[in-house]
Amino acid sequence: MYVVGTPIGHLGELSSRAIAALRAADLIACEDTRETARLASHLGLGAQLVAVHEHNERAGAERLIAALADGKRVALVSDAGTPAVSDPGARVVRAVQEAGYRVVPISGPSAAVVALSASGLLDAQFRFVGFLPVKSAARRKTLEALRGEDCALVFYEAPHRIVDCVADIAAVMQPERELVIARELTKLFEQIVRLPVAEAPAWLAADTNRQRGEFVLLLAGAQPEEGLDAEARRTLDLLLDELP
Ligand code: SAM
């Protein structure tokens, strides 16, 4: 089974190897058949499209394994980007491997890596967080737990939550840390800005167009002294209070 990365915007970013695998496939497992039908019509694909999403991954996997046993060529895609990265696919991959079939990745873009490549952040390491919790209280709690991380943090966010999410990042994270807002990557209205966390809510509020589309947020890692655990921070604060 080929696991095929598909474009996150610009259709020209589909590799020739990916196109060949999709053209050769008898069956393409996808998240949403309507979404993949667009790609199929762009490429003139003849494969049958089968919806395999988070609610039917197990049954879907069985169907794919049966097709493989039948000698059919099977490909797995998600709506956009790399399957199994904040997308369904992992269970299918595991089931197909456990059934004794080879899983071959055909690399394509992943929004996280695309955003990192043009972020200008200097962190040598990053942690992929993906989507934060939807509710603000839970989101802040997760952010507080990540506050001391000394590597870049990578978040995905939906347009209807971007303002609230950035507000929570600004409320929890150290104000001077750099935040990169990467919007509509590889698309017509692509925008990538890097600014101190404290300035990010005002930047978003200044123009409602800036709140539209798909977003990756990247936060520069905490400086070493900010990575202190809570106990060390309390002790440091007490000692600082004693200084003249
Ligand atoms: N599997 C995909 C990948 O490898 O990037 C991610 C799928 S996840 C359901 C969708 C999220 O990825 C969006 O909500 C957004 O945060 C991010 N994303 C996808 N395409 C993007 C784009 N063109 N520009 C910015 N962010 C994007």
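Taken together, the values in this text are just the output of simple stated rules run on the coordinates, not laboratory data. Predicted, not measured: the structure shown is a model, and the values here were computed from it. Don't worry about glycine lacking a Cβ; one is built from the backbone with ideal geometry, like all the others, and counts go over all protein chains shown.
What the table below lists for this structure:
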{"quantity": "Trypsin sites (Lys or Arg not before Pro) within the range 89-173: DSSP coil, no more than 13 neighbouring Cβ in 10 Å", "calculated": "R102, K135"}
{"quantity": "Förster radius 45 Å - calculated FRET efficiency between S41 and K141 (Cβ-Cβ, nearest 0.05)", "calculated": "0.55"}
{"quantity": "Neighbour-count order for D26, D168, D241, fewest beta carbons within 10 angstrom listed first", "calculated": "D241, D26, D168"}
{"quantity": "The chain: antiparallel DSSP beta bridges as a percent of all, rounded to 5", "calculated": "50"}
{"quantity": "Of the GluC sites (Glu not before Pro) in the range 138-244, those whose Cβ has at most 13 other Cβ within 10 Å and which sit in DSSP loop", "calculated": "E176"}
{"quantity": "Estimated D of the chain in µm² per second, where Rh is the Kirkwood radius over Cα pairs and Stokes-Einstein applies at 10 °C, 1.306 mPa s", "calculated": "80"}
{"quantity": "Estimated inter-spin distance, R17 and V104, nm [label 7 Å along Cα→Cβ]", "calculated": "1.0"}
{"quantity": "Three principal axis lengths of the range 1-136 [C-alpha, angstrom, descending]", "calculated": "49, 31, 27"}
{"quantity": "Likely footprinting exposure, F155, F128, fewest C-beta neighbours within 10 Å first", "calculated": "F128, F155"}
{"quantity": "For L188, L22, order by how many other beta-carbon atoms lie within 10 Å, fewest first", "calculated": "L188, L22"}
{"quantity": "Separation in nanometres of the label points that stand 7 Å from Cα toward Cβ, at D70 and E190", "calculated": "4.0"}
{"quantity": "Overall form of the range 134-197 per C-alpha gyration tensor (a/c, 1.5; a/b vs b/c)", "calculated": "oblate"}
{"quantity": "Extension gain (nm, one decimal) between L238 and A206, 0.36 nm per residue minus Cα-Cα", "calculated": "7.5 nm"}
{"quantity": "Per-pair calculated FRET efficiency, R0 = 30 Å: D32 and E62 via Cβ, rounded to 0.05", "calculated": "0.90"}
